[in-house]
Amino acid sequence: MATDLRERAGALAPLAALLFLAGSAGAVDPPSITQQGIAFTPRAVTIKVGQQVLFRNEDPFGHNVYSPNMESIFDIGLQEPGTETPVTFSVAGEITIQCRIHPKMRAKVTVVP
């Protein structure tokens, strides 16, 4: 009987692996906004409430990414070159993203329910 159970378990292993892969296929990395050439790229992303945006600094100097929006205020401080910082957005709305060091840098995160 033990041999029969092992054979059945062995036969089900490929199916279990496929189900695991199918379940993980829906997993998506958070969208990212890159700082490069004193600009945000892309300039707009849309996410769902509770989702993160990853801010990546690919410039050779620091940036200070923040949002002045009352419903979603954040400030990640000085972000050094080559670093990335995730920010979670928990309120729906259109969030303005700016850099305190380079005021012309602007992006938008649209957060939908």
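The values are calculated or read from the model by the stated rules, or taken from the named source; none is laboratory data. As the structure is a prediction and not an experimental result, all values here were calculated from the model. When we count neighbours, we look across all protein chains shown, and the Cβ atoms used for this are built from the backbone with ideal geometry, even at glycine. Quick note on the areas: whole protein, heavy atoms, side chains included, nothing else; ligands and nucleic acids left out. Shrake-Rupley method; radii C 1.70, N 1.55, O 1.52, S 1.80 Å.
When residues in region 59-73 are screened for being in a helix (DSSP H, G or I) and open to solvent by less than 20 Å² (accessible area, probe 1.4 Å), 1 of them pass. Being closer than 14 Å to LYS108 by Cβ and either exposed (fewer than 13 other Cβ atoms within 10 Å of the Cβ) or modelled with pLDDT of 95 or more (or both), is that true of even one residue in region 20-37? Yes - at least one qualifying residue is present in region 20-37.
Region 74-113 holds strands (runs of 3 or more DSSP E) entirely within its bounds, and those carrying 2 or more residues that are open to solvent by 70 Å² or more (accessible area, probe 1.4 Å) and under 25 Å from GLY50 (Cβ atoms) map to 84-88, 106-112.
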